[in-house]
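The values are calculated or read from the model by the stated rules, or taken from the named source; none is laboratory data. These numbers come from a predicted model, not from an experiment. When we count neighbours, we look across all protein chains shown, and the Cβ atoms used for this are built from the backbone with ideal geometry, even at glycine. Note: accessible area is taken over every heavy atom of the protein model, side chains too, but ligands, DNA and RNA are not part of it. Shrake-Rupley method; radii C 1.70, N 1.55, O 1.52, S 1.80 Å.
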Amino acid sequence: MTSAIPINLSTWPRRQHFEHYRSVVPCTYAITVELDATVFVETLRASARKSYVAQVWVLATAVNQHDAFRMYLNSDGTPATWPVVHPSFTVFNPELETFASIWAPYDTSFATFHDTAAALLAEHRTANEMFPQGPAPQNSFDVSSLPWTSFTGFTLAVQQGFDHLAPIITLGRYVERGGKVLLPVALQVHHAAADGFHASRLLGTVQELLDDPAWVD
């Protein structure tokens, strides 16, 4: 695992914002949007690639493009940034009606990531442990999916959330409306790590990847 790179607080434009939302008014916030997945879904239907793996890769690609969502809190409370983060995502066991949390190393090549992640999903779909691979690496972020329900709002209440700078992303069931296929995406953010501008930019990157799925191969 690569080491997190400390942020130079003397030159960081968000130093005051980080300190305010880390120590003075610790808070997280959540935003839920419906992204247009019409072209993405059409492309995946004509492909042998798995839609869920493609969703996770899109999120991981977007997260890795923005420093604010690769932040980490050192043991002394100072912020750092991982060079790369890996997605930790859920797989449902229909027999036990439980889920396992697994992770796959991020790769800029969708084909490479897909083969690894698809194999992990197949391997652990009957797991009776919550973390069959053991703990996820520190440089990871969480993705969960509710493919049974489409939602317009979703919020997590994380007891120790004020020490958790990585984003938490939840996906919902596709919904068809107005000739489009929409994907509910809920993004939970620590305000010390990112403001509304950064959250909006991240979601914009996700939308761009959904709009132009030429990366599906």
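Given the structure, is VAL84 in contact with a Ser or Thr (Cβ under 8 Å, 6 or more places away or on another chain), under 16 Å from TYR52 (Cβ atoms) and β-branched (Val, Ile, Thr)? No. Please specify each residue of segment 134-156 satisfying the condition of being open to solvent by less than 40 Å² (accessible area, probe 1.4 Å) and farther than 24 Å from VAL85 by Cα. Passing the criteria: only PHE151. Of the residues screened, SER23 is one that is out of contact with any Pro (no Cβ under 9 Å at 6 or more places or on another chain) and farther than 18 Å from GLN138 by Cβ. The set of residues in segment 178-206 that are open to solvent by 10 Å² or more (accessible area, probe 1.4 Å), touching a strand residue (DSSP E or B) at 6+ places or on another chain (Cβ under 9 Å) and small (Gly, Ala, Ser) comprises GLY196, SER200.
Exactly one residue out of VAL63, VAL158 is in contact (Cβ under 8 Å) with a residue 60 or more places away in the chain and under 14 Å from the mean Cα position of the chain (by Cα): that is VAL63.
Answer yes if at least one residue in segment 78-85 is free of Cβ contacts under 8 Å to residues at least 40 places away in the same chain and among the hydrophobic types (A, V, I, L, M, F, W, C), and no otherwise. No: zero hits.
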